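Single-structure report; data block below.
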Amino acid sequence: MRRLYHRVDRIAGNVINVRAGDVKYRELAEVSSRAGTSRAQVIRLNNDEVSLQVFAGASGVTTDAQIRFLGHAMRVPFSDALLGRVFTGGATPRDKGPALSENLIEIGGPPVNPAKRIIPDKMVRTGIPMIDVFNSLVESQKLPIFARAGEPYNPLLARIALQAEVDVIILGGMGLKHDDYLFFRDNLEENGAISRTVMFIHTAADPIVECLLVPDISLAVAEQFALQNKRVLVLLTDMTNFSNAMKEIAITMEQVPSNRGYPGDLYSQLAVRYEKAVDFDTSGSITILAATTMPGDDVTHPVPDNTGYITEGQFYLREGRIEPFGSLSRLKQQVNGKTREDHRAIMNTLIQLYAGHNESVEKRSMGFRASEWDNKLLRYGERFEKEMMDLSVNIPLEQALDLGWEILADCFEPMETGIPTRLIEKFWPAKKETPISSVSNGR
Amino acid sequence: MSRTTGTIIGVTGNMITVKFDGVVGQNEVAFAKLGDVGLMSEVVRVRGTRADLQVFEDTAGLGVGDRVEFSGNLLSVELGPGLLAQVFDGLQNPLPRLAEMCGFFLRRGARLPALPRDRRWDFTPEVKVGDSVVAGDPLGSVPEGIFTHRVMVPFGLTGAFKVAQIAPAGAYTADLEIARLLDAQGVERSVAMVQRWPVRFPIRLYAERLRPTEPLVTKVRIIDTFFPVARGGAYCIPGPFGAGKTVLQQITSRHADVDIVVIAACGERAGEIVETLREFPRLIDPRTGRSLMERTVIICNTSAMPVAAREASVYTAVTIAEYYRQMSLNVLLLADSTSRWAQALRETSGRLEEIPGEEAFPAYLDSVIANFYERGGGVRLKNGATGSVTIGGTISPAGGNFDEPVTQATLKVVGAFHGLSRARSDARRYPAIDPLDSWSKYAGVVSRDEVETARRTLRAGNEVGQMMKVVGEEGTSMDDFVTYLKAEYLDDSYLQQDAYDKVDGASTAERQRHMFGVIGAILRAPTHFPDKTAARRFFHQLTQTTKEWNRAAMDDPEFKTLQERIENMVTEATAHA
Ligand SMILES: Nc1ncnc2c1ncn2[C@@H]1O[C@H](COP(=O)(O)OP(=O)(O)OP(=O)(O)O)[C@@H](O)[C@H]1O
Ligand SMILES: [Mg+2]
């Protein structure tokens, strides 16, 4: 079906209006003018007036541009040939590889029937104690990293991707700095992960409309892999840029904003994407980790706020560390009861004592007298921060639990930890003199 | 209404504009043709020969000129035996059966009857030929799980009828004729067990509405004792993300002392409903000894499902709740989250380019919310029996700030407010209901005076706590310090509750009265301590012991032993005086 039109009535922002018949909502078109050729998508129909959002931006589009409707919605090619490749937000090659055109799948497909979901129960190991011990990541979870711009959320995402035992990694970059894109690429390459990775990269220099496509394209491809029984990890960075792109378009379309300029459907728009995370009954899974920068370090800003209402917890990255208190994996209890019997006890005890440490620090800064107990907590907190919280620490969960016991034994008496005697007897390290005679070295 | 047809002249988002010939009604259902499927839609505005319709499905692929068929019917649900234990989407499609038909994904235009047509129900007639009946009167009954399901004269029939025919006792499917009714004009109507009712209209077939006076025991202590809910009342749970709204509703859906629970998962995570869906069939309801699923209906329109259907889903849920109330049952409707429903209204209003109110919500938000909660209530039915619909809705305020349109509109119409606080959830003080800000107008399981005394302790303790942050423990008087410790004790051992402990997770009214008596006495006891360290140690031990007590079943000998230990501890501390 080739339908050509030549007359553009209105150009505003990245949206152009043409008069045309027999056009379908969400249909794709090609817009050619002096500025070049770009794809565009139908975003409104009003009698014979068709509004098109131009992927490459409307800049340079002329009133005599040629518009050809393609008879289908946005699609991406799907095959194993995607692996190791880099594409733009519009799904055209960004690397030197060939363009792909086989097995096209539509993006933004229907939601999974909730009756076909299963309760997730597989832990994703990251080697990061602040995650594995305190807020275990679970296959099919959707979890954002909340951080101020400038925090190392991209290196953190890359690291989790490398350590996680997944079959396919999909990186969706939105408004990514070119350096950050190169960092991801080189990092995955050096670690031999590039051959199981597909990248859809929109950089800060690319047209804004392509930014909007990145999550849908990434997730449509992820879904296909998951249906082939693959465990897929999708990294989306930065979802605040995605939301800002939506805001920009909404304002061009003269929609009434709801909150700080963002459209009223921000929640739904984000949710539709995040809800693609799934553990399919009898097939693969999609886990989504996203970076959400917080403008002004304010978690009540509409983007992090709406995100928190959608995702299954969040990691706060602050001063290069995963903050232990605000961070929460809402699915952790599905997995941390089945790892090692001391997991939950260590998790709770270390955190409670660290909260005590923070109080002692506050007391000290207020000039109140530090008790003996305060001093113990201060000593403990220092070690906890250095040996557990520091992001450079990279050890398996079991080793992290052992380390937890060691730190406890160096700082406290068993009684002071409140850990049940049964676990103390089994796990409390022997090297210190303790009142318990039956102490072994654990295992 | 006649069958009207029209053609699409505009599409934007989930809204289509249709030019039609003939008669069209507000809230009439229509189908937009996309190839050989029809996308279900609802008329939301009519101007001249143009109607704006919200489409309950993705509109991609629709175009100008496409055909629209109006149904002549309002958006309705099926009512009849077989609703219980089901999982529906917002338009009452049964999701498990949709999955059998369509696989992993929801398919546009796929619809199935809500009630299974292949299942037979054992019908016992309760009227004879010649009896006079009106809408809502019983014709007979069928057993539905643990309930006697009343088969009633369809609610939409107006006027008086004579029973012309009634089926003999036997097994019938829900759609088979079980009676023929003759109206005053001599026109006969065929009646089946299943009937349809338009969801946006309340079912009002009762003699009178009752004031909500009887407590609805949720088995959550801070609710039943401090901020009670009443049968037939309405309450809301606003709170920032992650504060525990969903968990609180999940707990309530398990333990609440009602006959039937309707869960409306409205624009929230699919994963959460999966937990309920997979666990309820395995959990035994202590009241009945049967699986919890047998008393539950789930309406599930999660955040990735179409927004317009989300808006409809709360009405589907409340209609089903009202239906069972007609059988003189006590029904609890839990909606999570009403903010998502309000946002759906906002999206529709925005697409209609209506003049926006605060935060772009439509100006009629308040009245829509009020009308929804008004559908709850206790009633005396025409046969003298009573039934109730209690509505509890969560609210997800932007930025966790309660000073926003949905929270404010809801507070005007509910009788209890359970405000969740970020500070409490961060401190893992669950359930994170703020004991200083929350309120309830309903009567609870213990006397108001006793509760007031306890609340005074909480307020005073909180003030001392604030002071102490500035002046330190050294600068606080012993009396103040003890007040602070008493408030903390009340919080730790009574307000907080371990949802995942078998015993502590669900505290009966009897147990609450008993415990609160003991704890109230402790709060009033004139305790004396040599120094603050001793006071702190005392309350620390008391808290530990009380927490153990919380975990002991009332019929366990341990329960008595622990209570004695607690009381002895307090006696000793007062003896120092
Ligand atoms: N009563 C409780 N006991 C123990 N943990 C709880 C309790 N309530 C909440 N939590 C913890 O907090 C997490 C979030 O709770 P929940 O899902 O109920 O929050 P919410 O208020 O519904 O958030 P959202 O608005 O994002 O849906 C849970 O996953 C759980 O880890
Ligand atoms: Mg929730």
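The values are calculated or read from the model by the stated rules, or taken from the named source; none is laboratory data. Computed from a predicted model, the values in this text were never measured in an experiment. Glycine also receives a Cβ, built like all others from the backbone with ideal geometry; neighbour counts cover every protein chain displayed. Areas reflect the complete protein model, heavy atoms only, side chains present, ligands, DNA and RNA absent. Shrake-Rupley method; radii C 1.70, N 1.55, O 1.52, S 1.80 Å.
Of the residues making up region B:227-240, just one is open to solvent by 10 Å² or more (accessible area, probe 1.4 Å) and within 16 Å of ligand 2 (Cβ to nearest atom), namely B:Pro240. Taking the criterion of being within 16 Å of ligand 1 (Cβ to nearest atom), open to solvent by less than 10 Å² (accessible area, probe 1.4 Å) and modelled with pLDDT under 95, would at least one residue in region B:306-326 satisfy it? Yes, because at least one residue in region B:306-326 is within 16 Å of ligand 1 (Cβ to nearest atom), open to solvent by less than 10 Å² (accessible area, probe 1.4 Å) and modelled with pLDDT under 95. Restricting B:Ala525, B:Ala506, B:Ala499 to residues that are within 16 Å of ligand 2 (Cβ to nearest atom), among the small types (Gly, Ala, Ser) and either within 14 Å of chain A (Cβ to nearest Cβ) or open to solvent by less than 60 Å² (accessible area, probe 1.4 Å) (or both) narrows the list to B:Ala499. Pick out the one residue from B:Val471, B:Val446 that is of a type outside the set (Phe, Trp, Tyr) and closer than 23 Å to A:Ser371 by Cβ. Only one candidate passes the filter, namely B:Val471.
Applying the set (1) open to solvent by 20 Å² or more (accessible area, probe 1.4 Å); (2) in contact (Cβ under 8 Å) with a residue 40 or more places away in the chain; (3) among the charged types (D, E, K, R); (4) more than 14 Å from every other protein chain (Cβ to nearest Cβ) to B:Lys128 leaves exactly one unmet item: (2).
Restricting region B:163-209 to residues that are among the hydroxyl-bearing types (Ser, Thr, Tyr) and open to solvent by 30 Å² or more (accessible area, probe 1.4 Å), the residue that is farthest from B:Ile369 (Cα to Cα) is B:Tyr172. Take the conditions (1) of a type in the set (D, E, K, R); (2) within 29 Å of the chain's Cα centre (by Cα); (3) assigned to a loop (DSSP other than H, G, I, E, B); (4) surrounded by fewer than 16 Cβ atoms within 10 Å (Cβ to Cβ); B:Asp118 misses just one of them, which is (2). Selection of region A:333-345 for residues being within 13 Å of chain B (Cβ to nearest Cβ) and either modelled with pLDDT of 95 or more or outside any loop (DSSP other than H, G, I, E, B) (or both) yields A:Gln333, A:Gln334, A:Arg344.
Considering (1) more than 25 Å from B:Ser425 (Cα to Cα); (2) touching a residue at least 40 places away in the same chain (Cβ under 8 Å); (3) surrounded by fewer than 14 Cβ atoms within 10 Å (Cβ to Cβ), the lone condition that B:Glu564 does not fulfil carries the number (2). Residues of region B:247-269 that are surrounded by 23 or more Cβ atoms within 10 Å (Cβ to Cβ), within 8 Å of ligand 1 (Cβ to nearest atom) and under 12 Å from the mean Cα position of the chain (by Cα): B:Leu248, B:Gln249.
Of all residue pairs spaced 6 or more apart or on separate chains, those with beta-carbon atoms under 6 Å, a first member in region A:174-189 that is surrounded by fewer than 20 Cβ atoms within 10 Å (Cβ to Cβ) and a second member that is modelled with pLDDT of 95 or more and outside any helix (DSSP H, G or I) are A:His178/A:Thr203.
Residues to consider are A:Val168, A:Val124, A:Val209, A:Val133; find the one that is open to solvent by less than 10 Å² (accessible area, probe 1.4 Å) and within 22 Å of A:Thr292 (Cβ to Cβ). After ruling out the rest, the residue left standing is A:Val209. Looking at the structure I just gave you, is A:Phe315 hydrophobic (A, V, I, L, M, F, W, C) and not in a helix (DSSP H, G or I)? So A:Phe315 passes the test. Among the residues of region B:84-115, the ones that are basic (Lys, Arg), more than 7 Å from chain A (Cβ to nearest Cβ) and in a loop (DSSP other than H, G, I, E, B) come to 1 in all. Of all residues in region B:385-405, which are in a loop (DSSP other than H, G, I, E, B) and open to solvent by less than 40 Å² (accessible area, probe 1.4 Å)? Correct list: B:Ala385, B:Ser396, B:Pro397, B:Glu404.
Restricting attention to region A:100-121, the residues being of a type in the set (Gly, Ala, Ser) and surrounded by fewer than 18 Cβ atoms within 10 Å (Cβ to Cβ) number 2. For region B:278-288, filtered to residues that are open to solvent by 30 Å² or more (accessible area, probe 1.4 Å) and of a type in the set (A, V, I, L, M, F, W, C), the residue that is nearest to the other protein chains (Cβ to nearest Cβ) is B:Leu283. All of B:Arg448, B:Arg455, B:Arg459 fail the test of being touching a Leu at 6+ places or on another chain (Cβ under 7 Å), away from ligand 1 (no atom under 16 Å from the Cβ) and basic (Lys, Arg), apart from B:Arg459. When region A:141-155 is filtered for residues that are part of a loop (DSSP other than H, G, I, E, B) and open to solvent by 10 Å² or more (accessible area, probe 1.4 Å), the ones remaining, listed by number, are A:Arg148, A:Ala149, A:Gly150, A:Glu151, A:Pro152. If the condition is being hydrophobic (A, V, I, L, M, F, W, C) and in a loop (DSSP other than H, G, I, E, B), then region B:185-199 contributes B:Val187, B:Met193, B:Val194, B:Val199. Scanning region B:23-70 for residues that are in a loop (DSSP other than H, G, I, E, B), away from every other protein chain (no Cβ under 14 Å) and either open to solvent by less than 40 Å² (accessible area, probe 1.4 Å) or among the acidic types (Asp, Glu) (or both) yields B:Val24, B:Gly25, B:Asp36. From the list A:Gly36, A:Gly71, A:Gly97, A:Gly84, the one residue that fits, being touching a helix residue (DSSP H, G or I) at 6+ places or on another chain (Cβ under 6 Å), in contact (Cβ under 8 Å) with a residue 12 or more places away in the chain and surrounded by fewer than 19 Cβ atoms within 10 Å (Cβ to Cβ), is A:Gly84. Entry remark, region B:338-353: residues being more than 9 Å from chain A (Cβ to nearest Cβ) and either closer than 16 Å to B:Arg200 by Cα or in contact with a Phe, Trp or Tyr (Cβ under 9 Å, 6 or more places away or on another chain) (or both) number 4 in total.
Residues in region B:327-342 that are more than 16 Å from ligand 2 (Cβ to nearest atom) and buried (at least 24 other Cβ atoms within 10 Å of the Cβ): B:Val331, B:Leu332, B:Leu333. None of B:Glu374, B:Glu404 is away from ligand 2 (no atom under 16 Å from the Cβ) and either polar (S, T, N, Q) or away from chain A (no Cβ under 14 Å) (or both) except B:Glu374. In region A:123-136, the residues that are in a strand (DSSP E or B) form Cβ pairs under 9 Å with partners that are at pLDDT below 95 and of a type in the set (Gly, Ala, Ser), at six or more places apart or across chains, as follows: A:Val124/A:Ala164.
Applying the criterion of being hydrophobic (A, V, I, L, M, F, W, C) and touching a Gly at 6+ places or on another chain (Cβ under 8 Å) to the residues of region A:292-329, the residue that is nearest to the other protein chains (Cβ to nearest Cβ) is A:Leu328. Return yes or no: is B:Ala243 assigned by TED's automatic domain parsing to the domain that holds B:Gly377, outside any strand (DSSP E or B) and within 12 Å of ligand 1 (Cβ to nearest atom)? So B:Ala243 fits the description; yes.
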